[in-house]
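Here the structure comes first, spelled out in structure tokens, and everything after it is commentary.
Please treat every number below as a calculation from the coordinates, not as lab data. Values in this document were obtained by computation on a predicted structure and should not be read as measured data. Note: ideal-geometry Cβ built from the backbone for every residue, glycine included; neighbour counts use all protein chains shown.
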Amino acid sequence: MFSDAEPRRIGIYGPPNAGKTTLANRIARDWTGDAIGPESHVPHETRRARRKENVEIERNGRKVTIDIVDTPGVTTKVDYKEFLEHDMEKDDAVRRSREATEGVAEAMHWLREDVDGVVYVLDSTEDPFTQVNTMLIGIIESQDLPVLIFANKTDLEDANVQRISNAFPQHETVPLSALEGNNMDEVYDKIAEYFG
Amino acid sequence: MPEVTPGDDGVQIDLISGARMEGLASMEKIRLILDGVRDGNIVILEEGLSPDEESKLIEVTMTEISPDEFNGIEIETYPQSQGGQGFLGRLMGKEETKKLTVIGPANQIQTLHKDENLISALVSRK
């Protein structure tokens, strides 16, 4: 889709806890040997956008070079009390919520200014018809950015990839489990096809 | 008409017409919405916001969240109708953003049901 040799910045977007960092780490480890950031079940573990430069993906004898930008999960609300349920002291929870809000603002800024394509990650066990998903896909479309939808967590029993395909029929949906490494061949084929 | 001041026993709903929003700059629209929501009001926009304005609304909301005071917003619009805002439409300058939008304080409004034709929400007092 792109022609010149400059690596494209591909933003990994989606709601909190969709598995964005797990996916970013999987891609980075597979092709560079290093991880991008820590993964966690606690929402808003990623509170700063992190970039991994020059990730070379090889498909069918051809090399595609991209920069991966792992972004904080986007939401319209953050309540520090949510973190208290994860055995956190109030001071830590308040600090985490403040960092989380800064991270969301940062993610939105990157989306408007600094990414050339988007991988939109969704948890296949969750209802995709949320306002945040509808708004973010609308924002991405309004910028005419190429976008791939990744239906993550297919290793879980409740996963429903079809529900995601039905919610966003205008875009290609790729099923995967970033945690287990399932269907990564198709993931890399599609990344090369869309962002190479 | 006499002015009525909302007391503690009600929830104020502001229905803002498309005409009222039309003359405002993006940040003025966002300010109008967030000032209302931060006062505990439910704001209903007849014609909604553009994707770019929605993006800025999320960003500005995040900068205003403060523990025990403001947790952010709940926002609901009908899902985009297919083909209403396609690439060709934008190319022809016919960007379709008109969609009824409901915005309220996250701790006072809860979406009960949403589909292409119906948004059902529960609003509570502060």
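Table for the structure above
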{"item": "Amide H within-cut-off set for A:F150, under 5 Å, with H built and near neighbours excluded", "result": "A:Y120, A:V121, A:L122, A:V174"}
{"item": "Inter-probe distance in nm under a simple model that places probes 7 Å from Cα toward Cβ, at A:H86 and A:H109", "result": "2.3 nm"}
{"item": "Listed residue pairs exceeding 24 Å between alpha carbons, taken from A:K190/B:K99; A:K77/B:K99; B:K98/B:K126", "result": "A:K190/B:K99; B:K98/B:K126"}
{"item": "Exercise: per-residue mean of other protein chain Cβ atoms within 10 Å, B:49-59", "result": "6"}
{"item": "Rel. contact order, % - alpha carbon contacts under 8 angstrom, at least six apart, segment A:8-195", "result": "24 percent"}
{"item": "Peptide-level mean, for A:104-111, of C-beta atoms on other protein chains within 10 Å", "result": "4"}
{"item": "Segment A:1-89: GluC sites (Glu not before Pro) in DSSP loop, at most 11 other beta carbons within 10 Å", "result": "A:E85, A:E89"}
{"item": "Segment A:1-115: Cα Rg divided by the 2.2 N^0.38 Å rule of thumb", "result": "1.18"}
{"item": "Rg in Å to one decimal, and Dmax rounded to a whole Å, for the protein assembly as shown via C-alpha atoms", "result": "20.3, 76"}
{"item": "Summed side-chain charge close to A:T76 - residues other than A:T76 whose Cβ falls under 13 Å, Lys, Arg +1, Asp, Glu -1", "result": "-4"}
{"item": "Average other protein chain Cβ within 10 Å of Cβ, residues A:97-103", "result": "3"}
